[in-house]
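Structure, as structure tokens:
The values are calculated or read from the model by the stated rules, or taken from the named source; none is laboratory data. Small disclaimer: the values here were computed from a predicted structure and weren't measured. Glycine also receives a Cβ, built like all others from the backbone with ideal geometry; neighbour counts cover every protein chain displayed.
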């Protein structure tokens, strides 16, 4: 059966490949710019989202803050003649070399006369220009250098989003239950409805002014009653100013902070290891308005930055509450004085979750001073952090002995740098905790030839280095501590149509961790070959392998009702044996344009997992995507049909899915079955867009889906999502 599916999959490629128009080999700029930008903008954003999404290995997360700037620049392109390094970095499409060469070209030769001049800039390939073109323009006139109230009213943009999501099948947490059983355990059922609600209003004037309010109710949470009398469970608001008079940046309310390489302080998301093997350096944006609904990755308070010559000084203050498992030890005052662990789900649908809500208060006070030259930047960060509740470290597992500081106060200091010399970019950061450990990260990216680029990065994080608001380059799924590693990446353009990219990352964990009772090491490989003979056709083959130590060897195995193998790990004198966990992926992906309105994408991916000498498990995912986006019609849609078969959850495969605007999902495919979805968009009239999405997964080898209160007694799961946007 698998062989038959594979043959049918390959057969589906033959017709579009044979029908490629040879005229597509002509110069990229021969088309109409407006139509080119319209056709490419969504593909560019989707590719960048997929790069970040696939490295996270999380089914639902919010990338709104990371990518909404790209959506803005689609409708308000950057004027390359009046831009700067900071603005170009917000595109997250150009690396340090390309930005530096572009600005140097304008400085040397004067303003660009036409967009075609981008071809003359060293380091910008046709593919790079294609990616950035929808977001930039060339104009000799300065765009709105002075802001007046009239400008704000006339040229400001307002958006209102309203989104509704629900799983149609009944879950255990919403099914009827006897009062006597509920009285025995109030956590047996969710308090609210299965509806998930989201709304957001935002006003923007260019990149200079932003004001917004965001609210969300998760499934299971109450709404305007009992535990949630204020309506939504989560509210967020911000006021953000940029380049207003002497103000470089100013944020009031909710915001994010990004400095250096994320080693001393970084409260947002960022790219890590991915198929974009060269661009491993983080581009710190300083202060950024927060518009997502992740209830952990933001600051609440005030932050500001000013320029003094070539120096930029930033200061910030935040006081925010976080969820945590609590221990009430003061019977007299009933005050929380210790907690066992932080909680990151942001869901408050059961009495136990509500009890843990806002259990601890975190305070951050810090500053950053940086020197900004054309080729050299040096910065220093100092952060004081305080928790009003102490971590209960007495019952922590051995691996967690150094995981978190049990001190109420913490001081972190760091120095970061970024230096460009010719075709080399050196960057890094060193950080230390007073009374704790240290961490360093050094990297280099180099363009050795227009056809050859390399990247190297070394990191070393002490086992007792800790801060909750950091996000450096590291092994996926690990904390920013107890890790050493050396990464090397290479990208080679073998021909005009063929490109090879790959990396190798060797890492070690000098202390114990949650999956290993001894120090371990590992290696991560990725190799990818891209072929793009024309604008209409592109494909790649990717192989990835990761081997790292993990607690092993099972004494017994049992098959569960879901069909998975359940492992019982044996004890050896109180220490579990550590063996190699070997995970491999092989993927083939092809995308081809049938016409200006229709794009097909096919993928087949194979996974293989083995723990020590255990019986290996494997699986495959095969899917067909269709994107229909006619230029002159008010509607468009994307759809997918997928088949999958995995022997175990360890062999699961993640795949990014297109969704409604500003919603991101990367579901994990496991078990055996089929999945399909369609996302339909309709422009009702100018300023009003409506989305409708229906997704259903059918499992052929299980009779229940999920577990606990999320269990569905059946083999189908259907989710609907609808969204409306009002834009003024």
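Of the residues making up region 266-283, at least one is at pLDDT below 95, in a strand (DSSP E or B), assigned by TED's automatic domain parsing to the domain that holds residue 349 and closer than 25 Å to residue 88 by Cβ. Residue check: residue 369 meets all listed conditions (1) modelled with pLDDT of 95 or more; (2) touching a helix residue (DSSP H, G or I) at 6+ places or on another chain (Cβ under 7 Å) but one, namely (2). Number of residues in region 176-201 that are over 34 Å from the mean Cα position of the chain (by Cα) and either at pLDDT 95 or above or assigned to a strand (DSSP E or B) (or both): the value is 0.
Yes/no per residue for (1) more than 30 Å from residue 202 (Cβ to Cβ); (2) at pLDDT below 95; (3) in the same structural domain as residue 47 (by TED's automatic domain parsing); (4) not in a loop (DSSP other than H, G, I, E, B):
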position	(1), (2), (3), (4)
596	yes, yes, no, no
600	yes, no, no, yes
624	yes, no, no, yes
633	no, yes, no, no
643	yes, no, no, yes
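The conditions of being out of contact with any helix residue (DSSP H, G or I) (no Cβ under 8 Å at 6 or more places or on another chain), surrounded by fewer than 18 Cβ atoms within 10 Å (Cβ to Cβ), part of a loop (DSSP other than H, G, I, E, B) and in contact (Cβ under 8 Å) with a residue 60 or more places away in the chain are met by residue 518. Hey, can you tell me all the residues within region 84-98 that are under 14 Å from residue 374 (Cβ atoms), in contact with a helix residue (DSSP H, G or I) (Cβ under 8 Å, 6 or more places away or on another chain) and buried (at least 20 other Cβ atoms within 10 Å of the Cβ)? The one that is under 14 Å from residue 374 (Cβ atoms), in contact with a helix residue (DSSP H, G or I) (Cβ under 8 Å, 6 or more places away or on another chain) and buried (at least 20 other Cβ atoms within 10 Å of the Cβ): 88. Quick one: is residue 87 under 18 Å from residue 242 (Cβ atoms) and assigned to a helix (DSSP H, G or I)? Judged against the criteria, residue 87 is a match. Within this structure, residue 52 fails the test of being crowded, with 16+ Cβ neighbours inside 10 Å, at pLDDT 55 or above and part of a loop (DSSP other than H, G, I, E, B). Within region 284-308, the residues that satisfy the criterion of being under 20 Å from residue 236 (Cα atoms) and in a loop (DSSP other than H, G, I, E, B) are 290, 291, 292, 293, 294, 295, 296, 297, 298. Screening 204, 230, 248 for residues that are more than 22 Å from the chain's Cα centre (by Cα), assigned to a loop (DSSP other than H, G, I, E, B) and at pLDDT below 95 leaves exactly one candidate, 230. Of 620, 585, 606, 677, which residue is assigned to a strand (DSSP E or B), surrounded by 18 or more Cβ atoms within 10 Å (Cβ to Cβ), in contact with a helix residue (DSSP H, G or I) (Cβ under 8 Å, 6 or more places away or on another chain) and at pLDDT 95 or above? One residue alone meets the criteria, 620.
With respect to the conditions (1) closer than 19 Å to residue 47 by Cβ; (2) without any contact (Cβ under 8 Å) to a residue 40 or more places away in the chain; (3) within 25 Å of the chain's Cα centre (by Cα), residue 93 falls short on a single one, namely (2).
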